[in-house]
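First comes the structure, then the notes that go with it.
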Amino acid sequence: MKARFWGVRGSIASPGPKTVRYGGNTTCIEIETDAGDVIIIDAGTGIFPLAQSLLRRLPVKCSVFITHTHWDHIQGLPFFIPFFIPKNEISIYGAFDPVASQPIKDILNRQMEYCYFPVREGELKAEITYTNLRERETIEAGSARVTSILMNHPVLDFGYLVECDGKRLFFTGDNEPLYNIYSPDDDYYEEYETLIEMKNKLFIDFVRGVDVLIADSAYTSEEYPAKKGWGHGTFDSCIKLAEEAGVKSLYLTHHEPTRGDDALDVIYSGLQEKYAGPLEFRIASEGLEIEV
Amino acid sequence: MKISQQDIVHLVEKMPAFPKTVHRVIELTSDMNCNPKDLVELIEHDPVMVMNILRLVNSAYFGLAQPITSVNHAVVYIGLNTVKNVALSTATIGVLPKRNEAGFDMEAFLLHSLSTATIARMMAKRMKVPSKDLFDYFLAGLMHDFGKIVFANFMPHEFKIALKIAKENSIHLYEAENEIFDINHAQVGSLLGEKWQLPQSLVDSLKCHHSHKEGKSQIIDVVSAADQITKELKFGYSGENLLEALPAIITKQFGKDINAIVTDLGDVNTEIDNARIFISS
Ligand SMILES: [Zn+2]
Ligand SMILES: [Zn+2]
């Protein structure tokens with residue numbers, strides 16, 4: 001299978017002279033299996049140029065997996081042109097919202113309400129289905145199998161494991177490594193530590209040995225303390241995860257909107273010096289295509 | 001008056017939490033940087049908040065492989081902000097009135113629940129239960145009488161009669177409830193626990209704290225004993241006026257005399273005072 005990055009920014013789209021090389025669109029990843037099945041993970045603004053490319057392959061039959069419903073991961077969805085064309089079949093998957101008790105369909109459709117968008121969901125011409133995913137539920141998307149796992153973010157967030165053609169790819173969605181909310185002298189410290197270990201172990205087992213890991217590395221380790229609890233990882237935490245899970249190659253994504261191309265280059269060379277081990281890693285850029 | 005199981009489940013989904021927790025949750029969550037420890041501590045001292053969080057995380061929407069057994073567990077699993085927002089949406093339902101038409105004092109009830117929880121945890125600690133499991137005892141103690149909140153809040157007139165019958169005829173409150181509702185608070189609690197797939201140890205102590213087979217479950221034995229001690233020491237009031245015999249495992253460990261047990265546990269009063277800050281006024 002192939003994976004293509006259509007959006008690698010976090011938070012907000014950030015076009016401009018400083019983001020020309022890595023790209024300014026927000027999260028969207030396309031996976032194309034050898035049989036030609038199309039799986040899209042997240043619908044940030046990067047889904048718009050992806051949609052243009054799909055128009056050459058009508059009718060479109062694809063599966064869209066939403067990691068979570070923060071703006072930068074769903075904002076492009078109303079502009080997903082295949083929605084407007086009859087005979088296209090689009091299956092959308094994501095988590096149920098436990099706070100408002102709303103299915104994924106309702107959360108996404110609110111973006112297309114009168115105040116926000118000129119066309120209502122009900123007017124779309126394609127055949128669209130919505131599925132609320134449970135954790136660890138596996139969906140057969142054409143020749144691929146996609147399985148969800150809960151990550152750590154300020155809203156329910158699924159990481160997705162895509163398995164196809166004998167290869168495995170995992171995308172974290174937005175994710176902050178778990179940390180103990182207690183200090184060592186608190187009563188609950190140990191209990192919490194045990195809970196974290198348990199969840200981490202389940203997670204590492206889940207992603208162990210994947211061919212490609214795509215991970216949220218919004219911050220540098222220096223920036224992180226001021227952003228603790230915001231739900232994102234660091235370059236270092238992603239590399240640590242990749243090493244622990246024995247993955248073959250790592251792609252770092254969800255770049256800060258204020259981080260220009262040159263700054264990303266500087267970070268990358270710093271990382272290359274720091275991590276000379278066997279792990280292959282790269283900073284993801286818009287337009288990058290990888291053969292898994 | 002017979003109430004259907006479906007009605008009960010439906011009612012409790014919209015049950016407000018205790019006033020102090022509601023106010024504090026609103027206060028805490030208005031600060032973007034609120035301390036997660038404070039939020040967890042607050043939630044786990046309110047039976048309604050706990051019920052709501054555990055109900056959600058153990059629901060089919062998540063379909064988690066193992067049950068989530070504590071608020072901290074929920075935070076690790078679904079994230080702090082989701083737990084925070086669930087607490088906030090519970091808070092927006094309103095507050096459990098301090099006084100209801102059943103004449104059942106909710107503050108005294110909450111003190112009874114918190115005291116049972118606190119004493120159960122102290123006893124478990126004394127019995128060398130590993131520290132990671134101590135909270136299960138606290139939780140089982142906190143929740144054991146949950147069914148009474150349902151009666152007091154949603155069927156106050158009938159519950160008033162049950163309270164009166166229990167007192168006048170010197171029978172257990174659950175016996176009076178059986179007469180009036182054809183179901184008692186232990187059954188209501190366990191019905192909810194089962195419906196919402198709460199952890200088995202919690203369901204068991206909701207269900208069996210008045211009808212346990214001794215020695216079958218240490219948590220139930222400890223909660224049942226803590227319940228008696230709380231009543232004897234008059235920490236709060238749960239509408240029950242009769243004491244039950246202490247389970248054998250407890251008397252074997254601590255002796256038969258409640259006062260001796262209390263002495264053995266150490267400073268119960270200070271521990272209970274720490275819990276009082278979660279109750280209004
Ligand atoms: Zn994001
Ligand atoms: Zn996000």
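Only one of B:I229, B:I250, B:I261, B:I220 is touching a Phe, Trp or Tyr at 6+ places or on another chain (Cβ under 8 Å), of a type in the set (A, V, I, L, M, F, W, C) and surrounded by 15 or more Cβ atoms within 10 Å (Cβ to Cβ); which? It would help to see each step written out before you state the result.
Values: B:I229 fails: touching a Phe, Trp or Tyr at 6+ places or on another chain (Cβ under 8 Å); B:I250 fails: touching a Phe, Trp or Tyr at 6+ places or on another chain (Cβ under 8 Å); B:I220 fails: touching a Phe, Trp or Tyr at 6+ places or on another chain (Cβ under 8 Å).
Only one candidate passes the filter, namely B:I261.
Specify the residue that is nearest to the other protein chains (Cβ to nearest Cβ); the eligible residues are those in the stretch B:85-105 that are within 26 Å of B:S201 (Cβ to Cβ) and in a helix (DSSP H, G or I). Before the answer, list the steps.
Within the stretch B:85-105, the first condition is being within 26 Å of B:S201 (Cβ to Cβ), and the residues that meet it are B:86-87, B:90, B:96.
Narrowing further to those that are in a helix (DSSP H, G or I): B:86-87, B:90.
Numbers: B:V86: 6, B:A87: 10, B:T90: 10 Å.
The residue in question is B:V86.
Before we move on, is A:F84 within 17 Å of A:Q111 (Cα to Cα) and surrounded by fewer than 20 Cβ atoms within 10 Å (Cβ to Cβ)?
It is true that A:F84 is within 17 Å of A:Q111 (Cα to Cα) and surrounded by fewer than 20 Cβ atoms within 10 Å (Cβ to Cβ).
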Practice task
Please go through the stretch A:190-246 and pick out each residue that is within 16 Å of ligand 2 (Cβ to nearest atom) and touching a Gly at 6+ places or on another chain (Cβ under 8 Å).
Solution key: A:A215, A:D216, A:S217, A:A218, A:Y219, A:G231, A:H232
Problem - Flag for B:N52 being part of a loop (DSSP other than H, G, I, E, B), at pLDDT below 95 and either surrounded by fewer than 21 Cβ atoms within 10 Å (Cβ to Cβ) or more than 8 Å from every other protein chain (Cβ to nearest Cβ) (or both) - result: no
Practice task
State whether one or more residues within the stretch B:97-119 are crowded, with 24+ Cβ neighbours inside 10 Å and free of Cβ contacts under 8 Å to residues at least 60 places away in the same chain.
Solution key: no
Exercise for the section: Output the qualifying pairs, or none if there are none: Cβ atoms under 6 angstrom, residues six or more apart or on different chains, first residue in the stretch A:241-261 and more than 14 Å from chain B (Cβ to nearest Cβ), second residue within 16 Å of ligand 2 (Cβ to nearest atom) and assigned to a strand (DSSP E or B). Expected result: A:Y251/A:I214; A:T253/A:I214; A:H254/A:D216; A:H255/A:R9; A:P257/A:R9
Practice task
Sort out which residues of the stretch A:3-25 are within 14 Å of ligand 2 (Cβ to nearest atom) and closer than 12 Å to A:L50 by Cβ, and write them in order of number.
Solution key: A:G7
Problem - Tally of residues being surrounded by 15 or more Cβ atoms within 10 Å (Cβ to Cβ) and either more than 11 Å from chain B (Cβ to nearest Cβ) or more than 25 Å from the chain's Cα centre (by Cα) (or both) across the stretch A:175-192 - result: 8
Completion exercise
Only one of (1) outside any helix (DSSP H, G or I); (2) in contact (Cβ under 8 Å) with a residue 60 or more places away in the chain does not apply to B:V222, and that is (1)
Exercise for the section: Kindly indicate the residue of the stretch B:27-49 that is among the aliphatic types (A, V, I, L, M) and in a helix (DSSP H, G or I) and also farthest from the other protein chains (Cβ to nearest Cβ) among those meeting that condition. Expected result: B:V48
Practice task
Specify the residue that is nearest to B:L56 (Cα to Cα); the eligible residues are those in the stretch A:68-119 that are within 16 Å of ligand 2 (Cβ to nearest atom) and among the hydrophobic types (A, V, I, L, M, F, W, C).
Solution key: A:V99
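Among the residues of the stretch B:10-26, how many are within 23 Å of B:D105 (Cα to Cα) and outside any loop (DSSP other than H, G, I, E, B)?
First, the residues of the stretch B:10-26 that are within 23 Å of B:D105 (Cα to Cα): B:11-25.
Subsequent filtering for residues that are outside any loop (DSSP other than H, G, I, E, B) retains B:11-13, B:17, B:19-25.
Count: 11.
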Problem - Residues satisfying the stated conditions in the stretch A:71-86, i.e. in contact with a strand residue (DSSP E or B) (Cβ under 8 Å, 6 or more places away or on another chain) and under 9 Å from A:V60 (Cβ atoms) - result: A:P82
Exercise for the section: Restricting attention to helices (runs of 4 or more DSSP H) lying wholly within the stretch B:143-218, give those where 3 or more residues are touching a Lys or Arg at 6+ places or on another chain (Cβ under 7 Å). Expected result: B:185-195
Exercise for the section: Return the residue satisfying two criteria in turn: it lies in the stretch B:55-82 and is part of a helix (DSSP H, G or I), closer than 25 Å to A:H232 by Cα and more than 9 Å from chain A (Cβ to nearest Cβ), and of such residues it is nearest to the chain's Cα centre (by Cα). Expected result: B:V71
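I'm trying to understand the selection: among the residues of the stretch A:20-39, which are within 16 Å of ligand 1 (Cβ to nearest atom) and buried (at least 24 other Cβ atoms within 10 Å of the Cβ)? So that I can check it myself, show each step before the final result.
First pass over the stretch A:20-39, keeping only residues within 16 Å of ligand 1 (Cβ to nearest atom): A:22-29.
Those that are within 16 Å of ligand 1 (Cβ to nearest atom) and buried (at least 24 other Cβ atoms within 10 Å of the Cβ): A:Y22, A:G23, A:N25, A:T26, A:T27, A:C28, A:I29.
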Handout entry: The lone exception for A:T138 - which of (1) within 14 Å of chain B (Cβ to nearest Cβ); (2) in contact (Cβ under 8 Å) with a residue 24 or more places away in the chain; (3) in contact with a strand residue (DSSP E or B) (Cβ under 7 Å, 6 or more places away or on another chain) it fails
Key = (2)
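Please list, ordered by residue number, the strands (runs of 3 or more DSSP E) wholly in the stretch A:50-135 having 2 or more residues that are more than 14 Å from chain B (Cβ to nearest Cβ) and within 18 Å of A:W6 (Cα to Cα).
Details: elements: A:61-65, A:89-95, A:127-133.
By residue number, A:61-65.
Of all residues being within 16 Å of ligand 1 (Cβ to nearest atom) and farther than 17 Å from A:N175 by Cβ in the stretch A:8-18, which is surrounded by the fewest Cβ atoms within 10 Å (Cβ to Cβ)? Just the residue, please. Give the steps one after another, and end with the answer.
So in the stretch A:8-18, the residues within 16 Å of ligand 1 (Cβ to nearest atom) come out as A:8-14.
Filter again for farther than 17 Å from A:N175 by Cβ, leaving A:12-14.
Working: A:I12: 14, A:A13: 20, A:S14: 21.
The qualifying residue surrounded by the fewest Cβ atoms within 10 Å (Cβ to Cβ) is A:I12.
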Exercise for the section: Output the residue which, of all residues in the stretch A:65-86 that are out of contact with any helix residue (DSSP H, G or I) (no Cβ under 7 Å at 6 or more places or on another chain) and away from ligand 1 (no atom under 16 Å from the Cβ), is nearest to A:M151 (Cα to Cα). Expected result: A:F83
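The values are calculated or read from the model by the stated rules, or taken from the named source; none is laboratory data. These figures come from a predicted structure and were not determined experimentally. All Cβ positions, glycine included, derive from the backbone under ideal geometry; neighbour counts span all protein chains shown.
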